[in-house]
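*Asks:* Quick one: this structure, given as C-alpha cells, is what I'll be asking you about.
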Amino acid sequence: MKEKAKVNRETAVEELNRWLDAKRITGNKRKSNEDIEEELIDAIEEGYLILNDDFSFTQRLKFPIKGTTEILELKHAFRVKVGELNAKLRGVKVDDIVGRVQTYVAVLTDQPKGIIGALDTADYSIASSIATYFF
C-alpha cells in the first residue's frame, strides 16, 4: 500500500525537473531513465527525498541504520569531481556494476561504502536512482 503523499505529484514532478534541468540532463538520458524518474518522484511525494536550495538531495531513510550512531538521512551532493570518483573506484572492477553503483552512492553522500552497504534495499534503490545521473 502506497503511503499518503506528503508532497503533491505536480510539485514532486516540478522538483525533479528543476534538479534535472540544473544538472543539464536532457533528451535521450531523460527518456531512457523514465522508470528511475518515476521512483524519484514517488520518493519526493512520500517525503523521503527533499531537494535543497543548493540542488543537493536530502534522503530521509525509510529504515534508519542503527549502530553506534543512528543514521537517519543521507545528503547527496549535486556535483562530484572525477578525481573523487576515480580515487574511490580504485580496486572496483569495471564489470562490477553493484560495486560501482555503491561507490558512486558513497562518493555522492560522503559516506563509507560500509554504511551504503548497510542500507535497506528500499533506501538503496532511491540512492542508486540518484547515482544513475552521475554515470
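The values are calculated or read from the model by the stated rules, or taken from the named source; none is laboratory data. Computed from a prediction, not measured in an experiment: that's the story for all the values here. Every residue, glycine among them, receives a Cβ derived from its backbone with ideal geometry; neighbour counts consider all protein chains shown.
*Asks:* Name every residue in segment 101-114 that is surrounded by fewer than 16 Cβ atoms within 10 Å (Cβ to Cβ) and either out of contact with any Ser or Thr (no Cβ under 9 Å at 6 or more places or on another chain) or of a type outside the set (Lys, Arg) (or both), in order of residue number.
*Replies:* Passing the criteria: 110, 112, 114.
*Asks:* Kindly list, by first and then second residue, each pair from a residue in segment 117-135 that is under 15 Å from residue 78 (Cα atoms) to a residue that is in a loop (DSSP other than H, G, I, E, B) and of a type outside the set (Ser, Thr, Tyr), limited to pairs with Cβ atoms under 8 Å and residues at least 6 apart or on different chains.
*Replies:* Pairs found: 127/119; 132/33; 133/23; 133/25; 133/33; 134/80.
*Asks:* In segment 51-68, is there at least one residue being touching a helix residue (DSSP H, G or I) at 6+ places or on another chain (Cβ under 8 Å), at positive phi and not acidic (Asp, Glu)?
*Replies:* Of the residues in segment 51-68, the ones touching a helix residue (DSSP H, G or I) at 6+ places or on another chain (Cβ under 8 Å) are 51, 55, 57, 59, 61-63, 65.
Narrowing further to those that are at positive phi: 55.
From what is left, the residues that are not acidic (Asp, Glu) are 55.
The answer is yes, given that some residue of segment 51-68 is touching a helix residue (DSSP H, G or I) at 6+ places or on another chain (Cβ under 8 Å), at positive phi and not acidic (Asp, Glu).
*Asks:* Could you figure out which of (1) buried (at least 17 other Cβ atoms within 10 Å of the Cβ); (2) farther than 25 Å from residue 6 by Cα isn't true of residue 98?
*Replies:* (1)
*Asks:* Still on this model: For the list (1) of a type in the set (Lys, Arg); (2) out of contact with any Leu (no Cβ under 7 Å at 6 or more places or on another chain); (3) closer than 25 Å to residue 7 by Cα; (4) without any contact (Cβ under 8 Å) to a residue 24 or more places away in the chain, I need the number of the one condition that residue 66 fails.
*Replies:* Result: residue 66 fails condition (3) only.
*Asks:* Turning to a different aspect of this structure: Restricting the search to segment 39-91, which residues are farther than 21 Å from residue 125 by Cβ and hydroxyl-bearing (Ser, Thr, Tyr)?
*Replies:* Correct list: 68, 69.
*Asks:* What residue, of 123, 53, is of a type in the set (Asp, Glu), closer than 30 Å to residue 10 by Cα and crowded, with 18+ Cβ neighbours inside 10 Å?
*Replies:* None of the other options fit; the residue is 123.
*Asks:* Given (1) over 15 Å from residue 131 (Cβ atoms); (2) at pLDDT 90 or above; (3) among the acidic types (Asp, Glu), identify the lone condition not met by residue 39.
*Replies:* If we test residue 39 against (1) over 15 Å from residue 131 (Cβ atoms); (2) at pLDDT 90 or above; (3) among the acidic types (Asp, Glu), just (1) comes out false.
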